[in-house]
Each structure stands twice: as structure tokens, then as C-alpha cells.
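What follows is a set of notes on a single structure, which appears directly below.
Bear in mind these aren't lab numbers, they're just calculated from the coordinates by the rules spelled out. All of these numbers come straight from a predicted model, not from anything done at the bench. Reconstructed Cβ throughout: ideal geometry from the backbone, glycine too, with neighbour counts over all protein chains shown.
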Amino acid sequence: MEKEIKLPVIDQINYDSINIIDDNKIIFYGKNISIFTINDSSFKLLYIYGEKIREKQDSYLARIWAYLNYSNVVLAYNKLIFNRQLRTIYSTSFEDDTDSTIVEKALYICDYNPESNKVILSQKLKDLRVVNIYKNYNNEIIIVQEKKVSILLA
């Protein structure tokens, strides 16, 4: 038997990837992070405390674009672990000035409360060249970096 469930369409929510957490939960991530619970067909958009980034700011002489992307999202023991990349582009109206881009990458470890739907940042690890994040059958988090592999124990 096949059951089709339609996800809600919400303006300005984009998802690039999904991660199946268990038999009951699926995480959608990209521009935002959301959790879909299969048993009750609930869809929750997660708001990370302190993440209020304006996508576009215009002034008379300058313009700023900010592109936020989440990737490799893993949930274990009420900890949400993911890569976060913020790309900021600065542009001015001066002809002799070129646009500049700043990319900030970090591994975020957050406390997740499923009842209140709150995500609070507990650790921010910069300058880790994370390739991928996995959860194994022992609920250990495996972080694959460019030159090493780390295991976070519960």
C-alpha cells in the first residue's frame, strides 16, 4: 500500500537535500532546516536561535547579498549537527571598486528540543574542512574531514 503525503508550500523555503533520521523522521535542509514526522504527518520548520540574516540590503551606494546554506544535517540524542555556510557579497556603485565575497564556514552543534521546536547553538567550530557527517548504528556521529575522521560519542 502506498500513501502520498503532500508537504506544505511555504514562501522562501528551499531544500536541497533530505536525510532519513529513523523510521519516523525525515530532515529537509538547504536554505532552511525542517523535520517531517511520518506518524502524525507534522512538518516543523526549525528556527535556529540567533540566525536572523537579511538576504538583501540596499543603500544609496552599496548592496549586500547574503546566502545561507545548511548541509549534512544529522540528529542524535537531541543534538542537531550540521555544516553552515554563509556567503556574503558586497557590491558598491563605484566604478573602480570590484565586488567582494566573504565565505564563512562552520560546523554547528545545537541543542534541539522537539517539544518546543527550539534549536539553540551550543558549539560553533570554524575552520574544520568537513566533507560529510554521518550517524552510525551506535548513534555515534562520524565527521569526515579532508585529512582526518572524528567520532563524537553520545
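Annotations for the structure displayed:
- Using 0.36 nm per residue and subtracting the Cα-Cα separation, the extra length available between Ala66 and Leu153 on full extension is 27.9 nm.
- Under the convention that each Lys and Arg Cβ holds +1 and each Asp and Glu Cβ holds -1, the size of the dipole of segment 24-82 around its Cα centre is about 80 debye.
- Spacing of the modelled spin labels on Asp127 and Asp99, each 7 Å from Cα toward Cβ, amounts to 2.9 nm.
- Low-density loop positions, trypsin sites (Lys or Arg not before Pro), segment 13-83 - DSSP coil, at most 13 other Cβ in 10 Å: Lys52, Arg54
- Proximity of backbone amide H atoms, modeled 1.01 Å from N, is registered between Ile21 and Ile26, Ile27 at under 5 Å, excluding neighbours fewer than 5 places apart on the same chain.
- The chain - percent relative contact order, Cα under 8 Å, separation 6 or more: 14 percent
- Dmax and Rg, reported as Rg then Dmax, of the chain (C-alpha, Å): 17.9, 64
- Label-to-label distance for Ser17 and Lys31 is 1.9 nm, based on points extended 7 Å past Cα in the beta-carbon direction.
- Across Lys56/Lys148; Lys31/Lys79; Lys31/Lys124, pairs whose alpha-carbon gap is larger than 25 Å: Lys56/Lys148
- Computed about the Cα centre, the dipole magnitude for the chain is approximately 400 debye when only Lys and Arg (+1) and Asp and Glu (-1) carry charge, each at its Cβ.
- Most positive-pole-ward Cα, Thr88, Asn138, Leu75, against dipole of the chain from beta carbon charges: Asn138
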